[in-house]
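This report refers to the structure that appears directly beneath it.
The values are calculated or read from the model by the stated rules, or taken from the named source; none is laboratory data. As the structure is a prediction and not an experimental result, all values here were calculated from the model. We place every Cβ from the backbone using ideal geometry, glycine too, and count neighbours over all the protein chains shown.
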Amino acid sequence: MSEILVAGAGMVGVSTALALQAQGHHVTLLDSTLQCRETSYGNAGIIQAEAAEPYALPRDLPTLCKYALGLSNDVLWHPQALLQMAPALWRYFRASSTVRHRDTSSLYSQLTGRATQDHTPLITAANAEALISKSGLSILYRDAQPFDQATQQVERMYSSYGVTSQVLDGAAYRAQEPALKITPAGVIHWNQSWSCSNPGALTDAYSQLFIQRGGCRQQGDANSLSQTATGWRISSQDGSIEASQVVIALGPWSPTLLARFGYRIPMIYKRGYHAHFNAPIVPKRPFLDAANGVVVAAMQQGLRVTSGAALVKLQSPAAAVQLKRGVQALGDLIELGQPLQEPQWFGTRPCMPDMLPLVGAAPRHKGLWFNFGHGHQGFTLGPTTAALLADAISGQTSDLIHRLAPARRL
């Protein structure tokens, strides 16, 4: 079997290393750090089996105006970033049409529909069951109108994708959830999703499993990647590493590296922030406060509040406006307690304009493979796209492998 280098050790990269290792390849996993501290560390920790439809860009004028005027806490943007990402955003807008989004969702739902199944053997083998809760994800609606609109989609999600849920009026849900201080209009409980009390620890547990199974993990600079006569070379702290094949699983940093090889990857960068609080009563399950675009989840580090998306340049300085707004709004809903003193964290969701991860062979370089662009669902879909990529490397084909391939999308 081949010697394969995987560049990037977040959930997608680690899962890729494990999938290739399981097929008999000798795999080296490389990252700039030895612990997970990027988006796979700081996300809301949800394995989103309910997310059968990827996040489309709204096309109605009122919603777009709210975004433009900064009136929605779901999405904020910076003018310079919008200008830089304009070509990708235009493609995103077009891909979000009703017809095209429906077609994309028919594929995307096949990925999210197997996400918990693909995580299960890794969770078990990594002895990480204590990190996982199977109590689902709740979407909490403060007002009746958005709740009524959301309930109209429940039957469609079940009939179209088999996604199950329970619709609860506010009083019924508050009776189940002692952390709530007020009664919401209603809640939709998506009961197939799982949550993780420390997503960084789960990613690191998968990494340790890879090492226990004979894999090699190195610290180094992925941007040192170069092509050789027989394959690929990269620099690590322990010296040069050579392999016949390389997988790029660097999330939002993938386009920068691949630009040196002539690839122009259109990507939309959606930044998110989190903070932890010592809440006296933690929610029984994670919930999204739909009115304010923040997810609240109990973590080992404390009660984590995770923000919506900020469209900013990859290297822009921190500006946690959405997080601050969300935390303030949560005050009348639950008792957050005191914020924990810790460095401010933020990470970037790498979103492709067509809302699908880029998985498969590079169009113009032998032995170069892509597995990135998972948007909001890298933590959810890491093991799933890893399995598909491993199959593609072994020469297998399927409709999923064909539809996700870079050759037909770049």
- Flag for Leu107 being part of a helix (DSSP H, G or I) and either in contact with a helix residue (DSSP H, G or I) (Cβ under 9 Å, 6 or more places away or on another chain) or at pLDDT 95 or above (or both): yes
- Message: Please verify whether Gln237 is surrounded by fewer than 18 Cβ atoms within 10 Å (Cβ to Cβ), over 25 Å from Ala310 (Cα atoms) and not charged (D, E, K, R), treating the condition exactly as stated.
- Response: yes
- Item | Verdict on Thr63 being in a helix (DSSP H, G or I), of a type outside the set (Gly, Ala, Ser) and either crowded, with 19+ Cβ neighbours inside 10 Å or not assigned by TED's automatic domain parsing to the domain that holds Thr228 (or both) | yes
- Query: Of the conditions (1) closer than 26 Å to Leu202 by Cα; (2) without any contact (Cβ under 8 Å) to a residue 12 or more places away in the chain; (3) of a type in the set (A, V, I, L, M, F, W, C), Ala319 fails just one. Which one is it?
  - Reply: (1)
- Message: Going through Leu330, Leu340, Leu336, Leu388 one at a time, which residue ends up being on the phi < 0 side of the Ramachandran plot, surrounded by fewer than 15 Cβ atoms within 10 Å (Cβ to Cβ), out of contact with any Pro (no Cβ under 8 Å at 6 or more places or on another chain) and modelled with pLDDT of 95 or more?
- Response: Leu340
- Note on the structure: With the first residue restricted to segment 288-308 and required to be more than 16 Å from Pro199 (Cα to Cα), and the second required to be modelled with pLDDT under 95 and outside any loop (DSSP other than H, G, I, E, B), Cβ contacts under 7 Å at 6 or more apart or on different chains are Gly308/Val75
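So that you can scan it fast, the table gives a plain yes or no per residue for (1) assigned by TED's automatic domain parsing to the domain that holds Ala279; (2) under 20 Å from the mean Cα position of the chain (by Cα); (3) more than 29 Å from Gln23 (Cβ to Cβ); (4) not hydroxyl-bearing (Ser, Thr, Tyr):
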position: Ser105; (1), (2), (3), (4): no, yes, yes, no
position: Ile139; (1), (2), (3), (4): yes, yes, yes, yes
position: Val163; (1), (2), (3), (4): yes, yes, yes, yes
position: Gln208; (1), (2), (3), (4): no, no, no, yes
- Query: Just a yes or no: is a residue in segment 4-22 surrounded by fewer than 22 Cβ atoms within 10 Å (Cβ to Cβ), outside the structural domain of Glu155 (by TED's automatic domain parsing) and outside any helix (DSSP H, G or I)?
  - Reply: no
- Message: Suppose the filter is free of Cβ contacts under 8 Å to residues at least 40 places away in the same chain and within 19 Å of Ala405 (Cα to Cα); does Ala259 pass it?
- Response: yes
- Residues in segment 179-186: is at least one β-branched (Val, Ile, Thr) and touching a Lys or Arg at 6+ places or on another chain (Cβ under 6 Å)? yes
- Query: When segment 165-185 is examined, which residues are found to be more than 25 Å from the chain's Cα centre (by Cα) and either closer than 27 Å to Ser106 by Cβ or part of a helix (DSSP H, G or I) (or both)?
  - Reply: Val167, Gly170, Ala171, Ala172, Tyr173, Arg174, Ala175, Gln176
- Task: Look through Leu29, Leu5, Leu18 and report the one residue that is modelled with pLDDT of 90 or more and within 19 Å of the chain's Cα centre (by Cα).
- Result: Leu18
- Mind checking whether some residue in segment 36-53 is surrounded by fewer than 19 Cβ atoms within 10 Å (Cβ to Cβ), of a type outside the set (A, V, I, L, M) and either closer than 24 Å to Ala309 by Cβ or assigned by TED's automatic domain parsing to the domain that holds Leu323 (or both)? yes
- Task: Output the qualifying pairs, or none if there are none: Cβ atoms under 8 angstrom, residues six or more apart or on different chains, first residue in segment 156-171 and free of Cβ contacts under 8 Å to residues at least 12 places away in the same chain, second residue in a strand (DSSP E or B) and crowded, with 18+ Cβ neighbours inside 10 Å.
- Result: Tyr158/Ser165
- Message: Considering only residues that are closer than 24 Å to Ala86 by Cα and out of contact with any Gly (no Cβ under 9 Å at 6 or more places or on another chain), which ones fall in segment 363-387?
- Response: Gly375, Gln377
- Answer yes or no: is there a residue in segment 107-127 that is acidic (Asp, Glu) and over 14 Å from Gly378 (Cα atoms). no
- Message: Of everything in segment 168-184, what is of a type in the set (A, V, I, L, M, F, W, C), closer than 19 Å to Ala279 by Cβ and exposed (fewer than 13 other Cβ atoms within 10 Å of the Cβ)? Give them in sequence order.
- Response: Ile182
